[in-house]
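Participant: There's a structure below that I have some questions on.
The values are calculated or read from the model by the stated rules, or taken from the named source; none is laboratory data. This one's a predicted model, so the numbers in the text were calculated from it and none came from an experiment. Quick reminder, even Gly has a Cβ in these numbers, built from the backbone with ideal geometry, and neighbours come from all protein chains shown. Note: areas computed on protein heavy atoms with side chains; ligands, DNA, RNA excluded. Shrake-Rupley method; radii C 1.70, N 1.55, O 1.52, S 1.80 Å.
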Amino acid sequence: MPNVFSNNIKKWVSELTGLFGALLVLIIIFGLTANNFFTVITFKTIANQIPDITIIAAGMTFVLIIAGIDLSVGSVMALCSAVLGVAMINWHLPLIAAIGLCCLTGLACGLLNGAVIVRWKLPSFIVTLAMLEIARGAAYLVTDSRTIYIGSAVERISDAAIFGISIPAIIAFLVIVLGQIILSYTVFGRYMIAIGTNEEVVRLSGIDPRPVKIAVFTICSFLTAIAAVIQTARLSSANPNMGIGLELQAIAAVVIGGTSLMGGKGSVVRTFLGVLIIGVLSTGLAQIGAQEPTKRLITGIVILAAVILDYYRNRLRNKTSMP
């Protein structure tokens with residue numbers, strides 16, 4: 001067991017070196033080109049802005065590892081936030097009860113996604129695309145297409161906890177640690193990797209992949225609900241337009257982190273580094289005065305480079321696995 005742990009540590013260090021290098025290069029570039037980048041405030045701002053995308057990207061990592069995709073996370077976030085807002089303002093429920101309803105809504109969306117995918121053997125792309133529209137429409141219906149202001153009752157969730165780092169940032173860190181432990185040291189994690197590598201072999205070996213796939217989509221949506229609570233606390237309100245385009249940001253972070261789009265390979269820790277790269281890129285470009293079109297152009301180029309790198313990485317892996 002100690003040898004396995006030691007080997008895993010060496011493997012992680014080897015795999016993380018490239019991402020750390022890319023992150024360091026970005027920090028140096030923006031430190032030299034932006035006047036106020038090398039400040040404590042900048043790094044605290046990055047740490048407090050990425051918890052929601054970090055938590056969703058952790059769930060998306062599981063989905064991509066089983067060779068699936070979830071396009072509904074942005075809309076599910078909006079619906080969960082809408083339920084939270086209505087529960088607190090219209091139904092006068094306490095915060096804990098409203099958060100419970102919010103999380104149940106996320107669980108229901110993920111359970112429905114997973115159940116439909118495995119019951120009718122449909123591509124996750126199509127099913128979650130349908131959920132994207134269903135959840136967004138439901139969010140508009142629940143809120144009557146209006147922003148629900150909640151105020152201080154929910155704001156305290158995003159308060160600073162220690163050294164200026166917010167409670168959501170600490171929650172996101174714990175999610176990353178727990179996610180990597182599940183992936184690396186549990187039977188459930190090994191099943192996910194096996195399903196993404198070759199689902200048919202898993203089935204022939206006597207393991208039913210369906211409960212695992214349903215659980216993965218449910219976990220992803222549950223984490224999205226937690227991210228919805230964080231986003232609602234940051235905005236002090238529930239907005240039915242919340243999370244538009246968030247699915248692309250989450251997928252981009254996961255891909256930049258090296259999780260294969262083909263399934264069977266990935267790491268939650270590397271996904272976190274992918275989120276950090278996007279966070280530093282976004283903050284740095286904002287500080288040097290880049291306009292929104294330029295920011296999107298550069299971010300798109302980084303994602304494209306990551307996908308091309310993933311292509312060559314898969315080719316190399318296939319070559320080395322051939323006898």
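Participant: How about the stretch 178-210: which of its residues are open to solvent by 70 Å² or more (accessible area, probe 1.4 Å), of a type in the set (Val, Ile, Thr) and modelled with pLDDT of 95 or more?
Facilitator: Scanning the stretch 178-210 gives Ile181, Val187.
Participant: Among the listed residues Leu273, Leu285, Leu261, Leu316, identify the single one that is closer than 17 Å to Ile50 by Cα and either modelled with pLDDT under 85 or under 17 Å from the mean Cα position of the chain (by Cα) (or both).
Facilitator: Going through Leu273, Leu285, Leu261, Leu316 in turn, just one is closer than 17 Å to Ile50 by Cα and either modelled with pLDDT under 85 or under 17 Å from the mean Cα position of the chain (by Cα) (or both): Leu273.
Participant: Working only within the stretch 25-37, note down all residues that are in contact (Cβ under 8 Å) with a residue 60 or more places away in the chain, open to solvent by 80 Å² or more (accessible area, probe 1.4 Å) and either in a helix (DSSP H, G or I) or closer than 23 Å to Leu246 by Cβ (or both).
Facilitator: Ile29, Thr33
Participant: Identify all residues within the stretch 183-207 that are touching a residue at least 40 places away in the same chain (Cβ under 8 Å) and of a type in the set (Val, Ile, Thr); write none if there are none.
Facilitator: If the condition is that a residue be touching a residue at least 40 places away in the same chain (Cβ under 8 Å) and of a type in the set (Val, Ile, Thr), then Ile193, Ile195, Thr197 are the ones that fit.
Participant: Sticking with this structure for a sec: Taking the stretch 273-311 as the region of interest, how many residues are in contact with a Leu (Cβ under 8 Å, 6 or more places away or on another chain), open to solvent by 20 Å² or more (accessible area, probe 1.4 Å) and of a type in the set (Gly, Ala, Ser)?
Facilitator: Residues in the stretch 273-311 being in contact with a Leu (Cβ under 8 Å, 6 or more places away or on another chain), open to solvent by 20 Å² or more (accessible area, probe 1.4 Å) and of a type in the set (Gly, Ala, Ser): 0 in total.
Participant: So, one more: Which one is farthest from Ala227 (Cα to Cα) among residues in the stretch 88-117 that are of a type in the set (S, T, N, Q) and under 21 Å from the mean Cα position of the chain (by Cα)?
Facilitator: Among those that are of a type in the set (S, T, N, Q) and under 21 Å from the mean Cα position of the chain (by Cα), it is Asn113.
Participant: State whether the residues of the stretch 211-233 include one that is free of Cβ contacts under 8 Å to residues at least 60 places away in the same chain, surrounded by fewer than 21 Cβ atoms within 10 Å (Cβ to Cβ) and under 28 Å from Leu309 (Cα atoms).
Facilitator: no
Participant: Please state which of the following conditions Ile301 fails to meet, knowing it meets all the rest: (1) in a helix (DSSP H, G or I); (2) modelled with pLDDT of 90 or more; (3) over 14 Å from the mean Cα position of the chain (by Cα); (4) of a type in the set (A, V, I, L, M, F, W, C).
Facilitator: Checking Ile301 against (1) in a helix (DSSP H, G or I); (2) modelled with pLDDT of 90 or more; (3) over 14 Å from the mean Cα position of the chain (by Cα); (4) of a type in the set (A, V, I, L, M, F, W, C), the one that fails is (2).
Participant: I'd like the full set of residues that are touching a residue at least 24 places away in the same chain (Cβ under 8 Å), in a helix (DSSP H, G or I) and of a type outside the set (Asp, Glu), limited to the stretch 246-261.
Facilitator: Hits for the stretch 246-261 are Leu246, Gln249, Ala250, Ile251, Ala252, Ala253, Val254, Val255, Ile256.
Participant: Is it fair to say Leu93 is in contact with a Leu (Cβ under 8 Å, 6 or more places away or on another chain) and either in contact (Cβ under 8 Å) with a residue 40 or more places away in the chain or among the acidic types (Asp, Glu) (or both)?
Facilitator: For Leu93, the condition - in contact with a Leu (Cβ under 8 Å, 6 or more places away or on another chain) and either in contact (Cβ under 8 Å) with a residue 40 or more places away in the chain or among the acidic types (Asp, Glu) (or both) - is not met.
Participant: Moving on to the next point. Residues of the stretch 234-245 being outside any helix (DSSP H, G or I) and not small (Gly, Ala, Ser), which ones?
Facilitator: Scanning the stretch 234-245 gives Asn239, Pro240, Asn241, Met242, Ile244.
Participant: Here's something else I'd like to know. Can you say whether Gln231 is polar (S, T, N, Q), closer than 22 Å to Gly137 by Cα and either under 12 Å from the mean Cα position of the chain (by Cα) or not in a helix (DSSP H, G or I) (or both), as far as the supplied structure shows?
Facilitator: No: the conditions fail for Gln231.
Participant: Right, something else. Could you list all residues from the stretch 249-272 that are open to solvent by less than 10 Å² (accessible area, probe 1.4 Å) and either out of contact with any Gly (no Cβ under 8 Å at 6 or more places or on another chain) or more than 19 Å from Thr197 (Cβ to Cβ) (or both)?
Facilitator: Across the stretch 249-272, the qualifying residues are Ala250, Ala252, Ala253.
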